[in-house]
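See structure below.
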Amino acid sequence: MEHIELFFKAIFIDNMVFATFLGMCSYLAVSKKVATAVGLGAAVIFVLAVTVPLNWLLDQYLLKEGALVWLGAEYAAYDLSFLSFIMFIATIATMVQLVEIVVEKFSPALYNSLGIFLPLIAVNCAILGGSLFMQSREIPNLGLALNYGISSGIGWFLAILAIAAIREKIRYSSVPPALRGLGITFILTGLMAIGFMSFGGMLTGEDEGNKKEIVKQAIQLDDDEVDEDDENKVVNENTTALNR
Amino acid sequence: MAEVAAKEKVVKAPKEALFSKKNRKLIIDPITDNNPITIQVLGICSALAITAQLQASIVMAISVIFVLGLGNVVISLMRNIIPPKIRIIVQLIVVATLVIIVDLVLKTFAYELSKTLSVFVGLIITNCIIMGRFEAFALANNPWKSFLDGIGNAAGYGIILIIVGFFRELLGSGTLLGLQVLGDPIEKTGLYAFGYENNGFMLLSPMALIVVGLIIWVQRSRNVALIEEH
């Protein structure tokens, strides 16, 4: 059950592109044609599915406070989490390089179709974002981490597929000249994001959308310390109440 | 080839002033006609998610100026000793180190704010502006020029961030940097006395995209040369 919940949540509610704006650069740059968009989307799913579980292991057994306890009791107090950026990005860059070599060796056809996208993925924010969100949401076990990697990849895939399809069609409409290309793509993405917000109530069944969205910017699921988070929420609710 | 390049360098070096016209162009161009966000389409990810408040936008802009300015210098200094095959990893390590510095400084001196920015400080690492400028500029130019280019591009990025943050905070919560510039919505003073309401919609993340879209529209209407062919 929690697998299914996480799966749909990562695809629709916390969609990488529409809810957190991750991977926007390649999303905008490579969405002119559906065929290339599919290639990049597939590569992103694949790399996320590999790197998120890997970084989960790193986080659990190396970086977290107390993670080094398997070395011996005297290491229990170490907290290396300030190193997580550098560790995560190193894993991602290495994995991308490795995946590139493996794919080239075993499936030249797939390699040719992915082509330049594989190296590009190392600097796709969606990949690092996947790992960082995995860390800040405190995903409890390896299976869920794998699930989170795959499903957020699928969410990204859906998003780029949708915008590529729209951009192929929009060629035939008369967009104001100054909006052509980038401008209209931004606005379309904004409208799609508003549409995706309606998935907010999907899992809970209640209307948490409005409150959650405003608070989300501020707390961004950083629940290192639960108390602090709750405090934050209260403060935020107060400010939103004030604004109304 | 190399000889010619070396000769050119020798000829060029003495007459290049510190703030020559060319060097000034390096800073000014990316702020206007070659803006990283609206023209080069780089670094959009982090630009949109944190612009609901002006303060967060400003801090993000300063962080990126720091990381890109310094990172460009470091990469430019190492440009001749980085093996081309592993340059991406080297670049990522340099950025990651700088970003860790920014993150720790923010956590120490502005804890609340660092909570607001959350993972997006970390995501400066994969901000395409940074890698894009390393690849396109720092690997081929001397440190001083790279520094100017870094500052210029980061400033261009920062300006868009601040514009978006300004409008979203002003229209969304009626405040600027937390000050209630439009009056008090509860006491019904200032604009609110005339029945003005905050547009909570502006605080939602999709509006950032639409605001950037509108900025692009304005910019390209004013400078027709920038218009794309679909």
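Coordinate-derived values only; no laboratory data. Owing to the predicted nature of the structure, the values given are computational and were not obtained by experimental measurement. Here the Cβ positions follow ideal geometry from the backbone for every residue, glycine too, while neighbour counts run over all protein chains shown.
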Once both label points are put 7 Å beyond Cα along the C-beta direction, the residue A:79-residue B:142 separation in nm becomes 4.6 nm
So how far, in whole Å, is the C-alpha centre of the range B:180-213 from the one of the range B:79-145?
35 Å
Mean Cβ neighbour count within 10 Å, used as a protection proxy, ranking B:172-183, B:51-62 highest first:
B:51-62, B:172-183
Between residue B:135 and residue B:224, the two model label points (7 Å from Cα along the beta-carbon direction) sit apart by a distance in nm of 3.4 nm
Ordered by fewest other Cβ atoms within 10 Å, a rough proxy for footprinting exposure, B:85, A:9, B:25 read B:85, B:25, A:9
Long-range amide H contacts for residue B:176: which residues qualify at under 5 Å (H placed 1.01 Å from N, peptide plane, sequence gap of 5 or more or a different chain)?
B:181
Charges only on Cβ, +1 for Lys and Arg, -1 for Asp and Glu: so what's the dipole of chain B about the Cα centre, in debye to the nearest 20?
900 debye
Qualifying GluC sites (Glu not before Pro) in the range B:130-230, DSSP loop, other Cβ atoms within 10 Å at most 11
B:187, B:197, B:229
Work out how much length residue A:166 to residue A:94 would gain on full extension: take 0.36 nm times their residue separation and subtract the Cα-Cα distance, in nm to one decimal.
22.5 nm
Let me check I've understood the local charge: for residue A:165, count other residues with C-beta under 12 angstrom from its C-beta, Lys and Arg +1, Asp and Glu -1. What total comes out?
+4
Which of A:172, B:196, B:157 has the fewest other C-beta atoms within 10 Å, and how do the rest follow up to the most?
A:172, B:196, B:157
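So what's the net charge close to residue A:37: Lys and Arg +1, Asp and Glu -1, counting the other residues with Cβ under 12 Å from its Cβ?
Details: positive: A:32, A:33, A:167; negative: A:168.
Every neighbour counted, the sum reads +2.
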1/(1 + (r/R0)^6) with r = Cβ-Cβ of residue A:174 and residue A:141, R0 = 51 Å, i.e. FRET efficiency to nearest 0.05, evaluates to 0.45
Return the loop-located GluC sites (Glu not before Pro) in the range A:1-77 (DSSP other than H, G, I, E, B) with at most 13 other Cβ atoms within 10 Å of their own Cβ; answer none if there are none.
A:65
Along the Cα→Cβ direction, 7 angstrom out, place labels at residue A:8 and residue B:109. What is the inter-label distance in nm?
4.7 nm
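Mind scanning A:105/B:85; A:9/A:32; A:64/B:115; A:64/B:107 and naming the pairs with a C-alpha gap bigger than 24 Å?
Numbers: A:105/B:85 18 Å; A:9/A:32 28 Å; A:64/B:115 18 Å; A:64/B:107 17 Å.
Exceeds cut-off: A:9/A:32.
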Considering the dipole of the range B:37-224 built from charges on the beta carbon (Lys and Arg +1, Asp and Glu -1) around the Cα centre, which of B:130, B:200, B:66 is farthest to its positive end?
B:130
For residue B:78 and residue A:110, what does the FRET efficiency come to when R0 = 30 Å and r is the distance between their Cβ atoms, rounded to the nearest 0.05?
0.30
